[in-house]
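So the structure is just underneath, and the comments pick up after that.
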């Protein structure tokens, strides 16, 4: 029996890539034939995947999983297969976030949501990596739905970190960290406003560190650079690192005092879990899947009032009693995430499809 996974874009180090690789290894360990088929892949993943052009047609006894995070030709291909069909939904950012910056990205977003909805009557099981995503699937008409949390490779975070990077950013400034794609739904402009408030009214010794690819949406990134300039934030006060290797990213988590997210759309939010792992207090705007991922830990922000958020950042960074209380709650959340029986869960759900 085959259990294959379809992934439009197979990448190193992202949540979908990590999850699909882990599931493949697990299925193989249980005696199933299993492979990852993709349209594109990063260099170095050739031995772990096969291009979809060479996907052998499955039988009605086989199972095919599609990881859905963007529109692709794999959507209709899955719908036509005779195998048992499963979709793993990782969410798509709604198109209004992109309209000011990219008609193409807005079009892709709309197409993606239409595509996922087209599968509602075609798949046997729909899995979502958060309760928020699961509710979206139900609203789109999917009947057999379950929450299946992302696989997180906790061992990855035990690797060495860059002591040079840690020393570089440990210079007495209060470091506010954000990790994620530089795209409009992340509302990085709101992070800039909070940093400006902190600099002007609390302390000039502050730095906003933004880790993530700056070429995801160049027009949006350029607008942020202009905004930082208009707020008179110097290079030492706002830092766009771009994509960095693990050892540098781990050092930035260690060097930071607060993880601040004012994003208005999250399907899961892996950097929240990473912040928990590195004992970095989380302050996050309460929206979409954020409360699901935090699971009662961190601090949820109900209103975007820059002055209050700025003062909260200062307290979370400097009040040791408050820091430890937040970190203690985050440690409990990490424990629960580690204990969730992902492998047993998905194997039992797939067995029910027979």
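The values are calculated or read from the model by the stated rules, or taken from the named source; none is laboratory data. Please read these numbers as outputs of a predicted model, since none were measured by experiment. Here the Cβ is made from the backbone with ideal geometry for all residues, glycine too, and neighbour counts use every protein chain on show.
Per the listing 78, 39, the residue uniquely assigned to a strand (DSSP E or B) and either free of Cβ contacts under 8 Å to residues at least 60 places away in the same chain or more than 20 Å from residue 151 (Cα to Cα) (or both) is 39. Please enumerate the residues belonging to the range 5-15 that are surrounded by fewer than 18 Cβ atoms within 10 Å (Cβ to Cβ) and touching a strand residue (DSSP E or B) at 6+ places or on another chain (Cβ under 6 Å). The one that is surrounded by fewer than 18 Cβ atoms within 10 Å (Cβ to Cβ) and touching a strand residue (DSSP E or B) at 6+ places or on another chain (Cβ under 6 Å): 9. Of the candidates 28, 66, the single residue that is more than 26 Å from residue 274 (Cα to Cα) and either in contact with a strand residue (DSSP E or B) (Cβ under 7 Å, 6 or more places away or on another chain) or without any contact (Cβ under 8 Å) to a residue 60 or more places away in the chain (or both) is 28.
Residues in the range 42-60 that are surrounded by 16 or more Cβ atoms within 10 Å (Cβ to Cβ) and modelled with pLDDT of 95 or more were compared, and the one that is nearest to residue 154 (Cα to Cα) is 49. In this structure, does residue 198 turn out to be modelled with pLDDT of 95 or more, in contact with a strand residue (DSSP E or B) (Cβ under 7 Å, 6 or more places away or on another chain) and over 23 Å from residue 161 (Cα atoms)? Against the criterion (modelled with pLDDT of 95 or more, in contact with a strand residue (DSSP E or B) (Cβ under 7 Å, 6 or more places away or on another chain) and over 23 Å from residue 161 (Cα atoms)), residue 198 qualifies. Within the range 101-130, residues that are closer than 24 Å to residue 149 by Cβ have Cβ atoms under 9 Å from residues that are in a helix (DSSP H, G or I) and modelled with pLDDT under 95 in these pairs: 125/349; 125/350; 127/346; 127/349; 129/15; 129/19, counting only partners at least 6 apart in sequence or on another chain.
Looking only at the range 290-322, residues that are in contact (Cβ under 8 Å) with a residue 40 or more places away in the chain, closer than 18 Å to residue 197 by Cβ and in contact with a helix residue (DSSP H, G or I) (Cβ under 8 Å, 6 or more places away or on another chain) come to 10 in all. Answer yes or no: is there a residue in the range 16-25 that is assigned to a loop (DSSP other than H, G, I, E, B) and either closer than 22 Å to residue 71 by Cβ or out of contact with any strand residue (DSSP E or B) (no Cβ under 8 Å at 6 or more places or on another chain) (or both). No: the range 16-25 contains no residue that is assigned to a loop (DSSP other than H, G, I, E, B) and either closer than 22 Å to residue 71 by Cβ or out of contact with any strand residue (DSSP E or B) (no Cβ under 8 Å at 6 or more places or on another chain) (or both). Inspect the range 88-97 for any residue being more than 19 Å from the chain's Cα centre (by Cα) and either at pLDDT 95 or above or within 30 Å of residue 224 (Cβ to Cβ) (or both) and give the result as yes or no. Yes, the range 88-97 contains a residue that is more than 19 Å from the chain's Cα centre (by Cα) and either at pLDDT 95 or above or within 30 Å of residue 224 (Cβ to Cβ) (or both).
Would you check if residue 214 is under 23 Å from the mean Cα position of the chain (by Cα), closer than 30 Å to residue 156 by Cα and modelled with pLDDT under 95? For residue 214, the condition - under 23 Å from the mean Cα position of the chain (by Cα), closer than 30 Å to residue 156 by Cα and modelled with pLDDT under 95 - is met.
Residue 140 falls short on exactly one of the conditions (1) touching a helix residue (DSSP H, G or I) at 6+ places or on another chain (Cβ under 7 Å); (2) surrounded by 13 or more Cβ atoms within 10 Å (Cβ to Cβ); (3) touching a residue at least 60 places away in the same chain (Cβ under 8 Å), and that condition is (3).
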